[in-house]
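The values are calculated or read from the model by the stated rules, or taken from the named source; none is laboratory data. No experiment lies behind these values; they were computed from the predicted model shown. So basically every Cβ, Gly included, is an ideal-geometry build from the backbone, and we count neighbours across all protein chains shown.
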Ligand SMILES: NC(=O)c1ccc[n+]([C@@H]2O[C@H](COP(=O)([O-])OP(=O)(O)OC[C@H]3O[C@@H](n4cnc5c(N)ncnc54)[C@H](OP(=O)(O)O)[C@@H]3O)[C@@H](O)[C@H]2O)c1
């Protein structure tokens, strides 16, 4: 049963607003994380080829007794697989590792502008969608310039851009651009990787006021901004904690206190210069 909101994408599909992240979830722990998440009510899982855990996630999914259409699985094309033909091959390999007949959402992981292959890569994703092997296609870590270029050159707007986004780095101008283009924003590192943001006095104060944990306050902030949010944990108690968000609301004072935490600094790499392949 869905107890969380579902968002409508620009391609006619829908997507759960909440899911499980799996970067740095080791293969020998991610199966338990996936099972715990599904039992808690999660219906979406986010992985990527570079996380090296697609096979373990595929094994866990193969044992889950839910109809496939109730699950939403995202994976991502790694940088070294950019290019039209290589992207098609990489997709086949991900699909096989995940033991699935289709992927719900396939993303280009990074734009790698110095390699200048992301337009051709995007054309491969468009073909995969036309073939019905992926329901929705999108990108990750694309700036306005990268997005505008693939839209201009192919006429097809991504359904999603998955980007670093948390109260320290709320990406307002990119979110505004997404809203104008009908692109859903998905937040990665939503709790800023579980570090100092969780002990920030402003967040702790709001948590105490609502009788919630700091992580729940920050995750609820993403939900109220209309973002897709995918916190990662391999700790069963945290996986359950992170999902318990749908029975309280932040008020205007909470939202303005959280807005004041912006530092403008990323935790992760800058998409214009990141070129690890
Ligand atoms: N597209 C991209 O380039 C990109 C980049 C980064 C991430 N992502 C995606 O976004 C997902 C989330 O981002 P992330 O993994 O970087 O960071 P995150 O979800 O902000 O934080 C994960 C960290 O916080 C800890 N944690 C989780 N819940 C907690 C809680 N309730 N209280 C205290 N600590 C908690 C986790 O520890 P334990 O696991 O030990 O519990 C882990 O160390 C990734 O897993 C991945 O799927 C995408």
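Within the option set 112, 165, 156, 128, being touching a strand residue (DSSP E or B) at 6+ places or on another chain (Cβ under 9 Å) and within 15 Å of the ligand (Cβ to nearest atom) holds for one residue only, 165. The set of residues in segment 101-135 that are in a loop (DSSP other than H, G, I, E, B) and on the phi < 0 side of the Ramachandran plot comprises 101, 102, 109, 110, 111, 113, 114, 115, 117, 131, 133. With respect to the conditions (1) at negative phi; (2) out of contact with any helix residue (DSSP H, G or I) (no Cβ under 8 Å at 6 or more places or on another chain); (3) within 12 Å of the ligand (Cβ to nearest atom), residue 193 lacks only one, and its number is (1). Residues that are within 15 Å of the ligand (Cβ to nearest atom), modelled with pLDDT of 95 or more, in a helix (DSSP H, G or I) and within 30 Å of residue 146 (Cβ to Cβ) do not occur anywhere in segment 205-216. Residues considered: 7, 32, 65. Of these, the only one that is closer than 30 Å to residue 155 by Cα and either surrounded by fewer than 20 Cβ atoms within 10 Å (Cβ to Cβ) or without any contact (Cβ under 8 Å) to a residue 12 or more places away in the chain (or both) is 7. For the condition part of a helix (DSSP H, G or I) and either within 12 Å of the ligand (Cβ to nearest atom) or out of contact with any helix residue (DSSP H, G or I) (no Cβ under 9 Å at 6 or more places or on another chain) (or both), what is the one hit in 198, 245? Answer to the selection: 198.
Scanning segment 2-29 for residues that are within 16 Å of the ligand (Cβ to nearest atom) and either more than 17 Å from residue 188 (Cβ to Cβ) or modelled with pLDDT under 95 (or both) returns 26, 27, 28, 29. The residue pairs whose first member lies in segment 260-271 and is farther than 19 Å from residue 162 by Cα, whose second member is at pLDDT below 95, and whose beta carbons are closer than 9 Å, counting only pairs six or more residues apart or on different chains, do not exist in this structure. Under 9 Å between Cβ atoms, at least 6 apart or on separate chains: pull out the pairs that start in segment 104-122 with a residue that is more than 22 Å from residue 47 (Cα to Cα) and end on any residue that is assigned to a helix (DSSP H, G or I) and within 14 Å of the ligand (Cβ to nearest atom). Every condition considered, the pairs that remain are 113/146; 115/79. The single condition from (1) assigned to a helix (DSSP H, G or I); (2) within 12 Å of the ligand (Cβ to nearest atom) that residue 138 fails is (1).
Conditions: (1) touching a residue at least 24 places away in the same chain (Cβ under 8 Å); (2) within 12 Å of the ligand (Cβ to nearest atom); (3) part of a helix (DSSP H, G or I). Residue 234 meets all but one. Number of the miss? Of (1) touching a residue at least 24 places away in the same chain (Cβ under 8 Å); (2) within 12 Å of the ligand (Cβ to nearest atom); (3) part of a helix (DSSP H, G or I), only one is false for residue 234: (3). Examine segment 68-80 for a residue that is surrounded by fewer than 17 Cβ atoms within 10 Å (Cβ to Cβ), touching a residue at least 60 places away in the same chain (Cβ under 8 Å) and more than 14 Å from residue 160 (Cβ to Cβ), and state whether such a residue exists. Looking for residues that are surrounded by fewer than 17 Cβ atoms within 10 Å (Cβ to Cβ), touching a residue at least 60 places away in the same chain (Cβ under 8 Å) and more than 14 Å from residue 160 (Cβ to Cβ), one finds at least one in segment 68-80, hence yes.
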